[in-house]
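Structure first, commentary second.
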Amino acid sequence: MNLHEYQAAEIFASHGIRTNAGAVASTPEEAEALSQAAGGPVVVKAQVLTGGRGKAGGVKLARTTAETREVASAILGLDIRGHTVRKLLVAPAVDIAQEFYLGVTLDRARRQNVVMASAEGGVDIEEVARERPERIVRTLVDSFLGLHAWQARQIGFALGLPADRVTGFATMAQQLYDAYLKEDATLTEINPLVLTQQGDWLALDAKMTIDDNALFRHPGSESLRDLDADDPTELDARKSGISFVKLGGDIGCIVNGAGLAMATMDAVMLHGGEPANFLDVGGGASADQVAKAFSLVTADTSVRAILINIFGGITRGDVVAQGIAEALRRVDVPVPIVVRLSGTNAEEGRRLLSEAGLTASDSMDEAAAQAVRAAHAA
Ligand code: GDP
Ligand code: MN
């Protein structure tokens, strides 16, 4: 789950990080009132779940309250990479001496957390990584020992900081690592982390992604979710306990089990097809779940055929078949359906499916090929 800057900044602050204290506005009038309260120049920032807001005109300085109102109405409603701006952060403008990058994420290849820092902050870090990778200092962190003070200081020196600035930087790096760990984040990032003209370290931006699988450990975190920003179909699926990810192809997939769902997509591609989605109905495959899955898949108008792939382990094949048949009585599915059913009571299940007029096979390979042919024929 991605957090907005104002949400991430609040969490960072709770871990001791100095952030630029701002407030959220959703109208130009509110923004104006906030700048009045700030009593000086402010920065007005679009709150959207995407980067590069600065370049897209979503971050602007305003010197007066009238200018704040103007800038706010220009930014509100703006489309930034497909995200509509509905909220603004209004914060006191800061006199920046130098901009840095600081981030913590997981290095999957090394199976360790990694702290990344660069003296080239404020700009697109992906661009720095591509063009001048030597400008990014990467430090792997032992999961059990955490980020040591000496390691954090070493990063500061590697950035070329003078000795009297290193302690402040190292503290910030340890706090950001602490936030990453305690909040079960997969990313905590400050870009830019700035040194002000007054010589203070300050987080001028805040980015954070919480691991969806750890949300249950953080009661209340669900309220941070921006429902406007999520794909409505994926949201709908989540409510029903179905894992659904929309993809670009034309073969809808309905599968029980995440691993089997991945394998099903591979089988489709092996036969020259393109999956329209990843879909795991979860443990069982009741009529309710299957009916929900049908409506999720057919909501995508590019779907030309549906491949259902069920392996009956604890779930019995005949029960699944009844569920599919019952679901088909409830929802209208306008495209051909191919079912692969094997495992416990699969034979009985396939008999029930044939009675319901569906093509059923016990081979995943064969069913995938049939689904691809059906989609091409359509
Ligand atoms: P992003 O483009 O989405 O990452 O948005 P940021 O919050 O990082 O802002 C982009 C840039 O705006 C920063 O790198 C700064 O250069 C500038 N900026 C943001 N806040 C201030 C501020 O308070 N004062 C000044 N002078 N510049 C700011
Ligand atoms: Mn930024």
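Each reported figure results from applying straightforward, stated rules to the coordinates on display, with no laboratory input. Bear in mind the structure is a predicted one, so any value in this text is a computation, not a measurement. Positions of Cβ are generated from backbone atoms using ideal geometry, with glycine treated the same way; all protein chains shown enter the neighbour counts.
Quick notes
- Degrees, to the nearest 10: 149-158 long Cα axis against longest axis of the chain: 70
- Distance-filtered residues of the stretch 143-167 - backbone nitrogen under 12 Å, label point 7 angstrom along ARG110 Cα→Cβ: 143
- Tensor-based shape of the stretch 280-378 (alpha-carbon gyration tensor, a/c under 1.5 rounded, otherwise prolate or oblate): oblate
- Residue of ALA119, ALA91, ALA214 that the Gaussian network model of the chain assigns the largest fluctuation, springs spanning Cα pairs under 10 Å: ALA214
- Shape of the chain, Cα gyration tensor, a/c cut at 1.5: prolate
- Farthest towards the positive end of the charge dipole of the stretch 180-286, among the residues PHE244, ASN213, MET265, is the Cα of ASN213, using unit charges on the Cβ of Lys, Arg, Asp and Glu.
- Think of it as helices only: each DSSP H run of n ≥ 4 in the chain is worth -39500 (n - 2.57), and spread over all residues that comes to -11500 deg cm²/dmol at 222 nm.
- Net charge, GLU347 excluded, C-beta distance under 15 Å - Lys, Arg +1, Asp, Glu -1: 0
- Here r is the Cβ-Cβ distance between ALA378 and ASP212 and R0 is 22 Å; the resulting FRET efficiency, rounded to 0.05, is 0.05.
- Helix 364-377 vs. the chain, principal-axis angle (Cα, 0 to 90°, nearest 10): 80
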